[in-house]
Every structure is written in structure tokens, then in C-alpha cells.
Amino acid sequence: MSDVIYDVKDLRLSFPDMSRKPILGPAPRIEILKGLTFQIPKGEVLGIVGGSGSGKSTLGRALIRLIEPDSGQIDFEGTDITHMGEDELRPLRRRFQMIFQDPLSSLNPRRRVAGIIAGPLRLQGLEGIDTRVNEALDMVGLPRSFASRYPHELSGGQRQRVGIARAIALSPDFILADEIVSGLDVSSQAQVLNLLEELVRELGLTLAFISHDLSVIRRLCSRILVLYQGEIVENAATADLFAAPAAPYTQELLSAIPLPDPDQVWA
Amino acid sequence: MSFLSIQDLTVRLRGNLPILRRVSIDVAAGEVRALVGESGAGKSMIGKSVLGTLPQALGITGGRIILDGEDLEQLSPRARRQRIGAKVALIPQDPLTALNPSRRVGPQITNRLVDILGWSRKAAEARALELLEEVHIPDPARVMRAYPHELSGGMRQRILIASAFAAEPKLIIADEPTTALDVTVQKQILRLISEMQQRHGTALLFVTHDLGVVSKVCQTMTVLYSGMVVEDTNVRDFFASPGHPYSAALLAATPKYTDPDGSLTPVPDAVIRAVEEEVAGFDREMEGAP
């Protein structure tokens, strides 16, 4: 029990489909997550893969309760958070944090790096904010002088480090990373991935890493969840999935990836 | 005799900061050449220079672009537009912003043929239908009447491909045409581009940051760093042994899902410093002999 951080049972979630809303009456609902059941053990690095529209980001947002599921149950360390109100959630939020895809739109352009990292610390009423900000910057390998810079003065990889610093400053147990390297060049991509791997190891974090890129997932994750149209089609250890992908969709996904190799059979 | 010959092209921001540094690239008829580099390398700006669609703040300050034997700078603006319109086409990155959301798909394909190339509307429509069929769009007549939002990303990209081939251009510039798509759709679209390119014998300038894509689609490639050509080679040679430390580092940093726990090597700082040094040296040389 205590070694499972997330226990998800029959999770269902739907949104109103406004494009088909009749003039009168409610819009029909479109099902995004169709009954997902899985667990995330403590210390695991879980990769969540799927095409666009597969529900991978929606699942991530439901896990950290940015959106409320329709039915099913999400237990976070034994606490049922499925339908918890915002007041009850607030003390828990410190323990699950998120890193966003696009650091430019998820970092306030009018605040300096120090203010960005300190924001959640203040909201959580923590002490010694300056020290924590400096420690967070050290951990992500940014010089402390960056505290007084604005996001636009940083490169893409540096901005993403600030996003990571903001998440780890709260010393969370769980971090959700949603496509955090897809906007970066390969050179900074490798740096950010290496950093994330190091932090997971050093801080004993549990990480859910959403990505459409199986190469990146293989490099980082111990287990992989493959989503297709709102359902889990495969949930396997990384090595097993790459050795023998079971679901037809996983096979299709793997065979579609163009490897940097002119001799690859890409049929 | 190459179809497109870019010679010592220099583009500057407000006449000052170099964006492209004496870039020379040749594309033969029917050749598929990749332009590779990280963001800010200037790979898209080469395509834009050829098409004459550089952002206002940028200007060509040196070099020549020779298209099908004609120096574009020597032509009147009107003649230049006409030549480019007839001989070159673009497949853009984002199929949603490239299509007008408030107009049906059909006219967006046919207008170019009618307005720029002077086709009759009827001929243009027949041609559009034929092309939609060629890019494997089911029920093309219905799609011609559809609005872009009614179609999926893959379908929209197919329409832009059809539109690019409509006037039988000799050269197509594809600017990251599959970056916005899922891998499974990307594969279909890349296949389609290759198939169309071969059938029509079109030359292709393929702008991308993805070396995986390069190895599948292209024959030759130019690697850029900070607006400078780092390497100009053919694709097989590049993947066998990259000719420049920077391109080698770029290849090593590209993730490969077939490498079990293969750790990624970020481009080493020493390599970046060396190539920056090279760029600086190049600039000094450029200032010396303008």
C-alpha cells in the first residue's frame, strides 16, 4: 500500500462537445478517458505515450486534479482525491507538481526568475524562501545570478530549467512532466533529460513523463503506458515493450519512428 | 547545371547582424536536399530568401540566387514574382495557419492557378480534383467544399501538398512539413511527399531539424549553424561519418529508440565553442572582403 503513490481505478472523464451543441439544451459529451486502471509505484518513472487526441494530457491533468474526473477513483498516497474541493486540495498540491510543455507561456513574462520560483512557495506559506530559490537554481544547474533575469532573457533550455526549478522547490513527491522537451533542440533536449534523470535519482521523485516521442521515453522511463483513443492499450516495463510490443497500436507507433539511419527498413 | 544555385548569400537584420553568412547551396533538377540545423540556424530563412518572403527587418545584403538560369535580383519585382510563382512552391509547417479558416478548401487551391498563372477557373478546378485524388484524399469533390476546420491535421497537410504540386513547379520548399503531426501520420505524409516528388520529378528543399526524417527522405544535405554552412554532403556519407565535429555532435544528440538505455550525449560545450569560433573567424573574413 505505502509503496504505491497513485492508485487509479476505472477513471472516466468527458468534456462537452461544443461544436455539436444544439441551440437549446446541453451539448453532447465527448468521452476522453474511457475507464483507465493503473498504479504508479513510488520512485517509478512512468512514460505516458499516445498520439494527439489519445487523452494523455487529460490523464495527466486529472492526476494532479487540475480537472475533475466524471467517475472512477484516484487515490494519492491512500487519500481519495477524485472529487476533492480546492480547499482540501491546496495542502496536497505541494506534493504533486507539474512541469509544462511550453516554458515561454508557462512562465510569467513580467516576473523575474526568483519571483517565478518563489510564487508557489509563498502560496504554500513556506519559510526561508530565498534559500529555497537559490537551492532550486543550484539543483537545476543555473547560476544564482539568473534569479534576477526575466524569462525572455533565457534560452529555451534555460527556461525549461526554471520550470523544473519551480516544481522541485516545493520538494514534491510526484512530478508530472507534459511534453517538456518537445519544443527544444536536440542539444538542449539531451541536457534537460539528463538533468531530470539526475533529479529523480537524487531526490527520490516519482515522475510521470508524457511524450509522443518513444526515443525520449525509452531513455528516461522504467515503465510505459500506451494510450489510444482514451484507453490503455499497453502497460509494460520499458525493456519488455521495446523487446516485444504487444498491442498493434504500439507496434504501429514503433515502426513509424524515423531513425537517424538510412538503412532502417521503414515500410 | 543546377536548377537553383544560391551563391554567397548573406542576409542581415537591419543591415547589421548577419542571419545568413555567405551561404552557397546548389539544388539540381529532381534533387532532394535537406537543410538541417537547430533553431536559429537560419534554415528557414534560406527558403524565405528564395521565395522572396523574408520578414521586413531582414534583407539580402550580398550574394546571388539563380533560379533556372536567371539571377532573381536582376529581374523586375513583377517578373521575379511571376518566375517564382510558376517555378517554386511551398509546403508550410503548420497546415492550420496556412489555410484560410473562413474559406472553403477548393478555391484556396485553385486561386493561385487562376490569379497568378492565368488558368481558366474550370481547368483549375479539374486540376485540383485530380491532385486531391493523387494525394489519396477520399471523396475529393466533398473536400473541395469543406472548410479547413472540418478536416484532420493529416488531411490538411495533404491538401497543402496537392496545392504545392498544382502548377507543376520545378522546386518545392518544404518547411518542417511534418513537425506538427503525430509520428504515424508523419510517416504517411513523408511517404506521400517522396512519392509525389518522384512522380513529378520535382526538386525538393527540405527544411527540418529531425535527422531521422532526413535519412528517410533526402539524398543530399546542408548542415547549418548560426547562418553558416557547416557541412555539405550526401546523406549516406553523413550518417556513415559526419564531416564536421558539430554535425557529429548533433547526430550523437539525436535520440534513437533502438538504443537500450543509450545515454544521450548533449552537444559538448567545447564543440559549441569551436564552431562559434569558426563563425567569428568567418565574420572577420567577411568584413575584410565585403
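The values are calculated or read from the model by the stated rules, or taken from the named source; none is laboratory data. Computed from a predicted structure; not experimentally measured. Here Cβ is always computed from backbone atoms with ideal geometry, including for glycine, and neighbour counts include all displayed protein chains.
Some points to look at:
- Residue within segment A:84-93 that is modelled with pLDDT of 90 or more, in a loop (DSSP other than H, G, I, E, B), out of contact with any strand residue (DSSP E or B) (no Cβ under 6 Å at 6 or more places or on another chain) and not assigned by TED's automatic domain parsing to the domain that holds A:A147 present: yes
Residue-wise test of (1) surrounded by fewer than 17 Cβ atoms within 10 Å (Cβ to Cβ); (2) within 14 Å of chain A (Cβ to nearest Cβ); (3) farther than 22 Å from B:E176 by Cβ.
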position: B:I6; (1), (2), (3): no, no, no
position: B:L13; (1), (2), (3): yes, no, no
position: B:V27; (1), (2), (3): no, no, no
position: B:V50; (1), (2), (3): no, no, no
position: B:G63; (1), (2), (3): no, no, yes
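- Among residues of segment B:103-162, those that are of a type in the set (G, A, S) and not in a helix (DSSP H, G or I), counted: 4
- First in segment A:67-80 and among the hydroxyl-bearing types (S, T, Y), second anywhere and part of a strand (DSSP E or B) and surrounded by fewer than 17 Cβ atoms within 10 Å (Cβ to Cβ), Cβ under 6 Å, 6 or more apart: A:S71/A:R12
- B:D175 meets each of the listed conditions (1) buried (at least 19 other Cβ atoms within 10 Å of the Cβ); (2) farther than 28 Å from B:V279 by Cβ; (3) under 17 Å from the mean Cα position of the chain (by Cα) apart from (2).
- Hits in segment B:2-46 - residues which are free of Cβ contacts under 8 Å to residues at least 12 places away in the same chain and part of a strand (DSSP E or B): B:L17
- For segment B:215-223, the criterion of being over 23 Å from B:R21 (Cβ atoms) and more than 7 Å from chain A (Cβ to nearest Cβ) is met by at least one residue.
- Residue in segment B:78-96 that is assigned to a helix (DSSP H, G or I), closer than 23 Å to B:L204 by Cβ, within 14 Å of chain A (Cβ to nearest Cβ) and aliphatic (A, V, I, L, M) present: yes
- A:A62 passes every criterion in (1) in contact with a helix residue (DSSP H, G or I) (Cβ under 9 Å, 6 or more places away or on another chain); (2) not in a loop (DSSP other than H, G, I, E, B) apart from (1).
- If the condition is being out of contact with any Leu (no Cβ under 8 Å at 6 or more places or on another chain) and within 7 Å of another protein chain (Cβ to nearest Cβ), then segment A:186-197 contributes only A:Q191.
- Test for B:K216: is it modelled with pLDDT of 90 or more and of a type in the set (D, E, K, R): yes
- Only a single item in (1) touching a residue at least 60 places away in the same chain (Cβ under 8 Å); (2) facing another protein chain (nearest Cβ under 10 Å); (3) in a helix (DSSP H, G or I); (4) surrounded by fewer than 24 Cβ atoms within 10 Å (Cβ to Cβ) is not met by A:G183, and it is number (3).
- Any chance B:V229 is within 28 Å of B:I272 (Cα to Cα) and away from every other protein chain (no Cβ under 14 Å): yes
- Looking across segment A:224-263 at every residue that is part of a loop (DSSP other than H, G, I, E, B) and facing chain B (nearest Cβ under 7 Å), the one that is farthest from the chain's Cα centre (by Cα) is identified as A:P262.
- In segment B:232-260, the residue that is surrounded by the most Cβ atoms within 10 Å (Cβ to Cβ) out of those that are within 11 Å of another protein chain (Cβ to nearest Cβ) and among the hydroxyl-bearing types (S, T, Y) is B:Y246.
- Taken over segment A:119-145, the residue count meeting the criterion of being without any contact (Cβ under 8 Å) to a residue 40 or more places away in the chain, closer than 28 Å to A:A190 by Cα and not in a loop (DSSP other than H, G, I, E, B) is 9.
So that you can scan it fast, the table gives a plain yes or no per residue for (1) within 22 Å of A:L184 (Cβ to Cβ); (2) without any contact (Cβ under 8 Å) to a residue 12 or more places away in the chain:
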position: B:M196; (1), (2): no, no
position: B:E231; (1), (2): no, no
position: B:D237; (1), (2): no, yes
position: B:S247; (1), (2): yes, no
position: B:D259; (1), (2): yes, yes
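- Residues in segment A:131-180 that are away from every other protein chain (no Cβ under 14 Å), within 30 Å of B:D182 (Cα to Cα) and among the charged types (D, E, K, R) were compared, and the one that is surrounded by the fewest Cβ atoms within 10 Å (Cβ to Cβ) is A:D178.
- Residue, farthest from B:R22 (Cα to Cα), within segment B:47-73, restricted to residues that are assigned to a helix (DSSP H, G or I) and out of contact with any Lys or Arg (no Cβ under 9 Å at 6 or more places or on another chain): B:L51
- Residues in segment A:198-217 that are under 16 Å from the mean Cα position of the chain (by Cα), more than 9 Å from every other protein chain (Cβ to nearest Cβ) and not in a loop (DSSP other than H, G, I, E, B): 8 in all.
- Checking A:G78 against (1) in contact with a strand residue (DSSP E or B) (Cβ under 9 Å, 6 or more places away or on another chain); (2) outside the structural domain of A:V8 (by TED's automatic domain parsing); (3) of a type in the set (G, A, S); (4) more than 26 Å from A:H212 (Cα to Cα), the condition it does not meet: (2)
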